Amino acid sequence: MRVHELAKELGIASKDLLLKLKERHIEAKNHMASLDEDVVKLFLEERASKTQGGVIKKTEYAKPVSTTQKSPLEKKEKTSVHKKEEEVLYKVEARVLEQEQPIEKAGPVVVAKILKPLEVPVPIPLKDLAEKLHLRSSDLIKYLMTKFNLFVNINQALSEDVVKEVLEEYGFELVRPPSLEEVLVKSHEKVDAKSLKPRSPIVTFMGHVDHGKTSLLDAIRRTKVVESEHGGITQHIGAYEVKLPKGKITFLDTPGHEAFTAMRARGAVVTDIVVLVIAADDGVMPQTVEALNHAKAAGVPIIVAMNKIDKPQVNVDKLKRQLNEMGLVPEDWGGKTITVGVSAKTGAGIDRLLEMILLEAEMLELKAPVDQEATGIVIEAKLSKGRGPVATILIQKGLLHLGDFVIAGCQSGRVRAMTNDLRQAIYEAGPSMPVEITGLSGVPEAGDKIYVVNDEKKAREILDQKQDEQKRQRLESNLKRTHLHLEDLYAKIKEGAVKELNIILKADVQGSLEAIEDSLNKIGTNEVKIVIMHKGVGHINTSDVVLATASDAIIIGFHVEPDDLAKDMVQKEGIDIRTYRVIYEIVNDMKAALEGMLAPRIKKNFMGRVEVRKVFNLSRSGIVAGSFVRKGRIARGAQIVLLRNGDPVYEGKVAALKRFKDDVREVQEGFECGVQLVNFTNIQEGDVIDAFELESIARKLE
């Protein structure tokens, strides 16, 4: 019997049973460990005696005797022997190292300059830096002129590189002061141990596309989520809370398509347990391995749900062998990985899966503080026509109340409305609870942290600081892009001209935007590539059309349509707008467009071979090669290679072809003809002319 099964039989928690086993020196590593029949009988008899009114003292319990255990004296002797062996080995190793390592001669001693840390915000005006260094502004200006050949005034801001060198010159090390946001994060990270309360586990479904993740979740929730999805693929991350008799579980439903790699990775960051869904008839697929790697990187426990066990061609043992090869050794094979056979179609095994999830959560002892300002993470965000920016968030700490002022990424606002996963209006949300909120100033990015801030003025300062940092980074990237160095230019010439397909990308939610961008970046080559001029969440508007006109771009919309003004402008400007509902179609269309931009591959098809027998210099026509067609045919305008003693001498075209005095289009095998070549007169008797037809073949992207 396993530990968790005996705990269930005894009516106690698995962790309590593990403590009792430890007290009696019975080895059991975790709740999945197997127990001997004697141990199980001991605990069951103890329970029976307690129920009959008998009281058994702790000292009266018989400790299980192991035949392999050594006496304390034997252990002591063994320890002393080991110590002696270790001392001998240590001495031998020390002698070997002394013999092997040459003695280095002492060189000149270099004394490192010790720098004192100094907090300086960068960029910083010159006068403020002078104050921090207790210098006069004029002295610092002189130093910058002589050292960097830099002419600045007292109000001019100095860059990080300059500030760093100035501080080092004066014996200081640059330390960036914590930003207002970092201070806010630290204040939220402080947790009072007394306020910690148990929370429900957050479970992520991962796996290969079409292995039944959404269908399985649908079977758990008893709703038809899958019917609303296009192409049978979950397009957005959804968060759902399921109430069970023994507790609650929050499920994150991550899409299985490979385009959502980034979203899947982000889902694993906030999760406590990963359920790896594998179709038992298909087995392990490439995306299954990818999902497993994300789960391992997140360092979370993995439960394997072997789906579609109702199918007749299922081979569970084969699937378990594949899991074993991946490092997930099933529990019935002596490993630690919980494997549960389930069927989303019939509902078989789902209760067992939920029981295993709650058991794993019990062992994790998940807790979160409640009596503090709420923090969470944005799971998804979109722009709703009627409600404005809408964000689906997962609360991680504290309580979020209706009316709280929050910061989410670079957006802020007061929570005007809050609904749970069943679209019911609620007034507060606690840890592990997914909610949808409105009231933000804009659409945050999926994965952004969300914080409750009581001081609105402080929140505005944090946002201003973040926006300034974003502007600075954008400006730096623009400068890097516009100022081209000669070295870069030479490299581009060597690589060849790069053809670019400019697109403007709009989607309904941030997660889809990232997924499409990631997919499109994978299909370019060094010859042709896609350049995303602009991307954003929301409907296609007039500013998108203006940008498309200026940059000669096409507009791609995913689950969004152009507004009325944009439609009028599109017709006027003749801009190409394409809207899609499935990501596959976007990738396929863009791939086809890039393939059309690729230079075609030219194939030479052999036409014929001609032998030059006599060379004539005619006054009117010039040099003419009197030739005989030995094989195939030769045609006027054909591509040719002139061979002399087997080596190519000239590549070009046939300028003219004659039979006696008449110009002809082509000459067949076994006939004589006169051949003139384009811009080549050095023809000799005995030369061989090979004629070719050029075939243009459209290329495909690899």
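Quick look at the numbers
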| item | result |
| --- | --- |
| Neighbour net charge for residue 388 - beta-carbon separation under 11 angstrom, K R +1, D E -1 | +4 |
| J(HN,Hα) series, the stretch 502-517, from Karplus relation 6.51 cos²θ - 1.76 cosθ + 1.60, nearest Hz, glycine and proline x | 7, 9, 10, 10, 10, 9, 7, 9, 5, x, 5, 4, 5, 5, 5, 4 |
| Surrounding net charge for residue 316, when Lys and Arg each add one and Asp and Glu each subtract one, Cβ distance under 14 Å | -1 |
| Interchain or long-range residues, amide H under 5 Å from residue 671's placed H | 629 |
| Listed residue pairs exceeding 23 Å between alpha carbons, taken from 213/591; 457/506; 194/449; 213/296 | 213/591; 457/506; 194/449 |
| Projected label distance in nm at residue 522 and residue 641, using a 7 Å step from Cα toward the beta-carbon | 4.0 nm |
| Rounded percent of accessible protein surface that carbon and sulfur make up, the stretch 504-591, 1.4 Å probe | 47 percent |
| Most to least packed among 390-402, 655-667 [average Cβ atoms within 10 Å] | 390-402, 655-667 |
| Pairs beyond 25 Å (Cα-Cα), from 15/308; 29/308; 603/631; 41/318; 15/50; 246/367 | 15/308; 29/308; 41/318 |
| Protection proxy ranking, peptides 244-251, 372-379, average beta carbon neighbours within 10 Å, highest first | 372-379, 244-251 |
| Residue order for 514, 9 - accessible surface, 1.4 angstrom probe, largest first | 9, 514 |
| Distant-in-sequence amide H partners of residue 342 (H built 1.01 Å from N, under 5 Å) | 306, 307, 308, 309 |
| Residue-normalised accessible area of the stretch 605-702, expressed per residue, 1.4 Å probe, Å² | 62 Å² |
| Separation of alpha-carbon centers, the stretch 653-691 and the stretch 403-458, rounded to whole Å | 82 Å |
| Distant-in-sequence amide H partners of residue 421 (H built 1.01 Å from N, under 5 Å) | 241 |
| Three-way shape label, the stretch 301-449, alpha-carbon gyration tensor, a/c 1.5 | prolate |
| Ranked packing of 274-287, 668-681, most packed first, by mean Cβ within 10 Å | 274-287, 668-681 |
| Three-way shape label, the stretch 277-330, alpha-carbon gyration tensor, a/c 1.5 | prolate |
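The values are calculated or read from the model by the stated rules, or taken from the named source; none is laboratory data. Nothing here was measured: the structure is a model prediction, and the numbers come from that model. All Cβ positions, glycine included, derive from the backbone under ideal geometry; neighbour counts span all protein chains shown. Just the protein is used for accessible areas: all its heavy atoms, side chains included, with ligands, DNA and RNA removed. Shrake-Rupley method; radii C 1.70, N 1.55, O 1.52, S 1.80 Å.
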